[in-house]
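Asks: The following block contains the structure, expressed as structure tokens.
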Amino acid sequence: MPLNRQSMTYAHEGIALDVSALADWVGAAAVTLKPLVDVLQAHGFAAERLHADDTTVPVLAKGKTRTGACGPMCATIAPSPGMLRPGAVFFYSPDRSGTHPEAHLKGYAGLMQADAYAGFNRLYEASRKPGPIIEIGCWAHARRKFFELARLKKAPIASEAVQKIDTLFAIEREINGVPAQQRAAMRNERSRPLVEELHAFLRGRRAKLSGKSETARAIDYSLKRWEVFTRFPDDGRLCMSNNAAERELRTVAVGRKNWTFAGSDEGAAGLRPSTR
């Protein structure tokens, strides 16, 4: 809830609380809680697998707003027993430059599920220190491109692709929560043949489509990233999608409708949801 709206609500109750006083309290609370945030951040980066995503944050500038970014650059979600307790840490960046996730993740090496954001590319380089981050593709993103075509354009190839991807997700719902080794074995038995079938389907249909076709572009998104999309059958620790991080972003999206924009970069950093 925006502080000016809170101030007005208190005023209606006969309590005079200036917006500047409320802002001071919020700032003091943020500073006081910083040690706890640091501990929770360390917990998150101890995970074997991270999820990462971001959303835009309008920030007040001279005569207009400019676009910053806020997102859970670190989220540990436990799909099977033995992994860390779930948690999320939010970071604010003044823009979407790749230098920011590089700084946020400078001490991490491991698995990361994310979309195809170009700002992450340097994180995946083999020469990176302390080691490369292994990119894991998000099937929900791939499915979304086909789903939009299937729903809006009634595209038959897109519709069939959605059905095939949905079959994979149905298997995931069945095996969610079982130990990682068992998940990997079940995926190799049930999911891998379907993934190979989907690959052959997409390659075959793509060969018959013009490069200008919307369906071709949706297929290309998947085929060009096929290696990162198909790592999940071999590793039971992985999810098929990055939905865990996207769900965390709902808090920012809902809040943004109320506060509309942040007054400054420092204010935007304070608007991020609490580390959970």
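Asks: Has region 26-37 got at least one residue that is in contact with an Asp or Glu (Cβ under 9 Å, 6 or more places away or on another chain) and farther than 25 Å from Ser97 by Cα? Walk me through how you get there before you give the answer.
Replies: The initial filter retains those residues of region 26-37 that are in contact with an Asp or Glu (Cβ under 9 Å, 6 or more places away or on another chain), namely 27.
Add one more test, that the residue is farther than 25 Å from Ser97 by Cα, and what stays is 27.
Scanning region 26-37, I find at least one residue that is in contact with an Asp or Glu (Cβ under 9 Å, 6 or more places away or on another chain) and farther than 25 Å from Ser97 by Cα, so the answer is yes.
Asks: Let me ask you something else. Among the residues of region 116-142, write down those that are of a type in the set (A, V, I, L, M) and either in contact (Cβ under 8 Å) with a residue 12 or more places away in the chain or part of a helix (DSSP H, G or I) (or both).
Replies: Just the residues of region 116-142 that are of a type in the set (A, V, I, L, M), to begin with: 116, 118, 123, 126, 133-134, 136, 140, 142.
Matches in region 116-142: Ala116, Ala118, Leu123, Ile133, Ile134, Ile136, Ala140, Ala142.
Asks: Against the condition surrounded by fewer than 16 Cβ atoms within 10 Å (Cβ to Cβ), farther than 30 Å from Pro94 by Cα and modelled with pLDDT under 95, how does Lys208 come out, does it pass?
Replies: Values: surrounded by fewer than 16 Cβ atoms within 10 Å (Cβ to Cβ): yes; farther than 30 Å from Pro94 by Cα: yes; modelled with pLDDT under 95: no.
No: the conditions fail for Lys208.
Asks: Kindly provide the set of residues from region 143-181 that are free of Cβ contacts under 8 Å to residues at least 60 places away in the same chain and more than 20 Å from Ile219 (Cβ to Cβ), ordered by number.
Replies: Of everything in region 143-181, those that are free of Cβ contacts under 8 Å to residues at least 60 places away in the same chain and more than 20 Å from Ile219 (Cβ to Cβ) turn out to be Ala170, Ile171, Arg173, Glu174, Ile175, Gln181.
Asks: Please specify each residue of region 149-176 satisfying the condition of being more than 20 Å from Phe232 (Cα to Cα) and touching a helix residue (DSSP H, G or I) at 6+ places or on another chain (Cβ under 8 Å).
Replies: Kept after step one, since they are more than 20 Å from Phe232 (Cα to Cα), are these residues of region 149-176: 149-160.
Residues satisfying the conditions are Leu149, Ala150, Lys153, Ala155, Ile157, Ala158, Ser159, Glu160.
Asks: Right, another one. Could you tell me which of the residues Ala245, Ala218, Ala200 is under 13 Å from Lys145 (Cβ atoms) and either part of a helix (DSSP H, G or I) or in contact with a helix residue (DSSP H, G or I) (Cβ under 7 Å, 6 or more places away or on another chain) (or both)? Working first, answer last.
Replies: Numbers: Ala245 fails: under 13 Å from Lys145 (Cβ atoms); Ala200 fails: under 13 Å from Lys145 (Cβ atoms).
None of the other options fit; the residue is Ala218.
Asks: Tell me, yes or no, whether region 253-273 has at least one residue that is part of a helix (DSSP H, G or I), under 23 Å from the mean Cα position of the chain (by Cα) and within 29 Å of Pro132 (Cβ to Cβ).
Replies: Yes: region 253-273 contains one or more residues that are part of a helix (DSSP H, G or I), under 23 Å from the mean Cα position of the chain (by Cα) and within 29 Å of Pro132 (Cβ to Cβ).
Asks: Would you mind stating whether Ala88 is at pLDDT below 85, within 30 Å of Lys145 (Cα to Cα) and out of contact with any helix residue (DSSP H, G or I) (no Cβ under 6 Å at 6 or more places or on another chain)?
Replies: Considered against the rule, which asks whether it is at pLDDT below 85, within 30 Å of Lys145 (Cα to Cα) and out of contact with any helix residue (DSSP H, G or I) (no Cβ under 6 Å at 6 or more places or on another chain), Ala88 comes out as no.
Asks: Considering every residue within region 224-235, establish whether at least one is of a type outside the set (Val, Ile, Thr), touching a Ser or Thr at 6+ places or on another chain (Cβ under 9 Å) and either loosely packed, with under 15 Cβ neighbours inside 10 Å or assigned to a loop (DSSP other than H, G, I, E, B) (or both). Lay out the reasoning, then the answer.
Replies: Step one: list which residues in region 224-235 are of a type outside the set (Val, Ile, Thr), which gives 224-227, 229, 231-235.
With touching a Ser or Thr at 6+ places or on another chain (Cβ under 9 Å) added as a condition, the list becomes 229, 232-233.
Then drop every residue that is not either loosely packed, with under 15 Cβ neighbours inside 10 Å or assigned to a loop (DSSP other than H, G, I, E, B) (or both), which leaves none.
No, region 224-235 contains no residue that is of a type outside the set (Val, Ile, Thr), touching a Ser or Thr at 6+ places or on another chain (Cβ under 9 Å) and either loosely packed, with under 15 Cβ neighbours inside 10 Å or assigned to a loop (DSSP other than H, G, I, E, B) (or both).
Asks: Taking only pairs six or more apart or across chains, which ones have beta-carbon atoms under 8 Å, a first residue in region 1-26 that is surrounded by 12 or more Cβ atoms within 10 Å (Cβ to Cβ), and a second residue that is charged (D, E, K, R)?
Replies: Here the result reads Ser7/Asp18, each pair linking region 1-26 to a residue that is charged (D, E, K, R).
The values are calculated or read from the model by the stated rules, or taken from the named source; none is laboratory data. In this text the structure is predicted, and so the values were computed from the model without any measurement. No Cβ is skipped: glycine too gets one built from the backbone with ideal geometry, and neighbour counts run over all protein chains shown.
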